[in-house]
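The structure appears right after this line, and notes come after that.
Just so you know, all these numbers are worked out from the coordinates, no wet-lab data involved. Computed from a predicted model, the values in this text were never measured in an experiment. Cβ: placed from backbone, ideal geometry, glycine included. Neighbour counts: every protein chain shown.
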Amino acid sequence: MAETIVSTERLTKTFGGRTAVDAVGLTVRRGEVYGFLGPNGAGKTTTLRMLLGLVRPTAGTALVHGLAPGDPRAVARTGSLVEGPGFYPYLSGRENLRVLARFQGLPDADADRALERVDLTGRGRDPARSYSLGMKQRLGVAAALLGDPDLLVLDEPTNGLDPAGMADMRALLVDVAAGGQTVLLSSHLLAEVQEVCDRVGIIDAGRLLVEGTVAELRGSTEIRLRAVPADRALAVAMAVAGDDAVRVEGTELRLAAPAGRVPELARALVAAGVDIAALHTVERSLEEIFFDLTTAPREEVPA
Amino acid sequence: MTATLVRPAPGVPSARAARAELRRILRWPVTWVLVGLWSALNLIFTYVFDWISYRTGRAAGPAEAGVRVDGLLPAAVPDVLVQGMPIFGGAIVLMLGALAVGSGYAWGTWKTAFTQGPGRTAVLGGTLLALLAVVAGIVLVTVGVDLAMSTVIARVEGVSAAPPGAADLARAYAGGLLVLGMWGAGGVLIGLLTRGPALSVGLGLVWTLVVENLLRGVAGALPGLAAVTDRMPGSAAGSLAGALGADGPGGGAPGVLDALSGPAAAAWTAGYLLVFLTASVLLVRRRDLL
């Protein structure tokens, strides 16, 4: 069992009468890239702020490095970029990192190394206010990397980046994860999460809807078949995959069966004199799961 | 994966924060604009205008001499050092405190600072220590400017350029530090309360330059109000300046009062400083950072 680095239990935050985060229980294990996925306004940032000790929970508990969030010992081992980078605009990128290095009691060389890691050394002497959005975001990641923290909390790190910047950021995240650092990454971009994350938690309207590995969430594959005559094809498909595993979608049959059953199905169809027009397998994308979950009518859960 | 060792960060957290905050405050152009503004105002209002009127008065004949030269000499530096601080110096240092803290909300840098390792209290402690160092520097620069200018005046006028007594100068320095420190802490508190640079500076200036003066103006008309207005931050600071030898109304500097005795004025000023600091720490510890 992998060691847990972040865990929350019924973590809740209300602002006035509005519940921003509602009884969220999530678990991030050491060394993994955890994707915290949800539409804008779902409560991702508020949850991350609570984990960093910037916002006090209304109810529930959270542990970060086994400590209360905001405990200086936990904060010291956590690098973060929450809701856009916050820098002194009049200082250069390098100088900003050197100021942060002083907060952490680190030498200037560590700041320079962080700057190099995000490929900003060439612009390090320019004032941070002159940076493009993408450069500011990279400087924010450099600040989060400063001091080699065990845990990186990154809130929408690709927000506002152009496609090339997003690709660079993803490569950086993969690189960071390969180095053994745990990454808690929030995003509303499904492709991003699918590509870099080991495990995913999906949040909507303050509720954590599901948590699991990307593979678990995608579930099993589906075989899709178009063939004539349809009634005979349906009979063959039910014989191969089982009566309950087949459903009809328009002119298409969908079989809940692993991809390995495709040759068997094809042979049976041909043997029964069925003409196959199309036969292929699909994996549900995270996007489909996401929309299934976030657009489904919410059940009323008794308190 | 092996358990990671917690690398103990070297040094006391608030000392680390103070080094960081001092670095960013000293590299902030606003700091130097405000220091320069205060130095220029102090030079002009304490020395240049009085010297000009002394010289024009003397040229018109001995009977016309309205300003005496004594106040412009090095020996008088302890008396005049604090005279501009209750209002002008205070307003400028209040702006510095309010901008240094309020801008952090606009830039998002508090969020960054609070997630670096030193706790919130240590980070604010670092900010306060850094501002204290800047204020101590401002008072020191003022002493230097005053000594240099008064020595020039003494030489030009051919009168004694004897330096002031060290004890008097030290007492005036401490008084100046207390007055400016109190206003600076007030600026920090307003910056935290308003979470922004603009409103905090506006409110702070309205209070120091307008509200207290208006209240003092109506204090005579309402029984009992004088007892309150005499103990407000500006009045306490003004009384402290007055007790240290600055010329009150009539003689010159606005804001210099004799409403309270020296020790009472020092106690009230120190009390406000303490209240502002305590309230700031409580706010930073308790409030969500959104």
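For the reader, a short list of remarks on this structure follows.
- Segments A:84-90, B:212-218, B:97-103 sorted - mean Cβ within 10 Å per residue, highest first: B:97-103, A:84-90, B:212-218
- Chain A - percent relative contact order, Cα under 8 Å, separation 6 or more: 19
- Using alpha-carbon coordinates, inclination of helix A:262-271 to the longest axis of chain A, degrees: 20
- Electrostatic dipole magnitude of the protein assembly as shown [Cβ: Lys, Arg +1; Asp, Glu -1; Cα centre; debye, to 20]: 1040
- Once both labels are positioned 7 Å from their Cα atoms along Cα-to-Cβ, the gap between A:Thr251 and B:Leu225 label points is 9.0 nm.
- A:Ala278 paired with A:Ala178, simple spin-label distance in nm, labels 7 Å along Cα-to-beta-carbon: 3.8
- All aspartates and glutamates inside 15 Å of A:Lys136 as judged from Cα atoms, apart from same-chain residues fewer than 8 positions distant: A:Glu83, A:Glu95, A:Glu116, A:Asp119, A:Asp126, A:Asp155, A:Glu156, A:Asp162, A:Asp168
- Förster-model FRET efficiency, 30 Å R0, B:Val275 and B:Val218, C-beta, rounded to 0.05: 0.75
- Whichever lysines have a C-alpha closer than 23 Å to that of A:Lys13, once near sequence neighbours (fewer than 8 apart) are set aside: A:Lys44, B:Lys111
- Think of chain B as a dipole: +1 on every Lys or Arg Cβ, -1 on every Asp or Glu Cβ, centred on the Cα centre; then among B:Val211, B:Leu192, B:Val33, B:Leu192 lies furthest on the positive end.
- Region A:151-207 and region A:46-96: distance between their alpha carbon centers, rounded to Å: 17
- Ordering B:Arg285, A:Arg170 from the fewest to the most neighbouring beta carbons within 10 Å gives B:Arg285, A:Arg170.
- Under Stokes-Einstein, with the Kirkwood radius over Cα pairs as Rh, the value for region B:13-286 at 25 °C and 0.890 mPa s is 126 µm²/s.
- With the simple spin-label model, which puts each label point 7 Å out from Cα in the Cβ direction, the A:Ala271 to A:Thr58 separation comes to 6.2 nm.
- Amide proton proximity set for A:Leu184, modelled H, under 5 Å, gap of 5+: A:Tyr34, A:Leu152, A:Val153, A:Leu154
- Residue among A:Ala143, A:Ala20, A:Ala167 with the largest mean-square fluctuation in a Gaussian network model of chain A, springs linking Cα atoms under 10 Å: A:Ala167
- Net length available on complete extension from A:Leu189 to A:Thr4 is 64.1 nm, with 0.36 nm assigned per residue and the Cα-Cα distance removed.
- Chain A, dipole about Cα centre (Lys/Arg Cβ +1, Asp/Glu Cβ -1), debye to the nearest 20: 740
- FRET efficiency for A:Arg129 and B:Ala174, using Cβ-Cβ distance with R0 set to 41 Å, rounded to 0.05: 0.55
- Choice from A:Glu156, A:Glu249, A:Glu95 showing the highest fluctuation, given a GNM over chain A with Cα pairs closer than 10 Å: A:Glu249
- DSSP bridge pairs, the protein assembly as shown: antiparallel proportion in percent, nearest 5: 65
- Remark: relative contact order (region B:141-290) = 23 percent; criterion is Cα-Cα distance under 8 angstrom and separation of 6 or more residues.
- Using Cβ point charges alone (K and R +1, D and E -1), the dipole size of region B:13-286 about the Cα centre works out to roughly 1300 debye.
- Across chain B, C-alpha contacts under 8 Å between residues 6 or more apart give a mean separation that, scaled by the residue count, equals a relative contact order of 25 percent.
- The GNM of chain B, with springs linking C-alpha atoms under 10 angstrom apart, assigns the highest mean-square fluctuation among B:Val188, B:Val30, B:Val143 to B:Val30.
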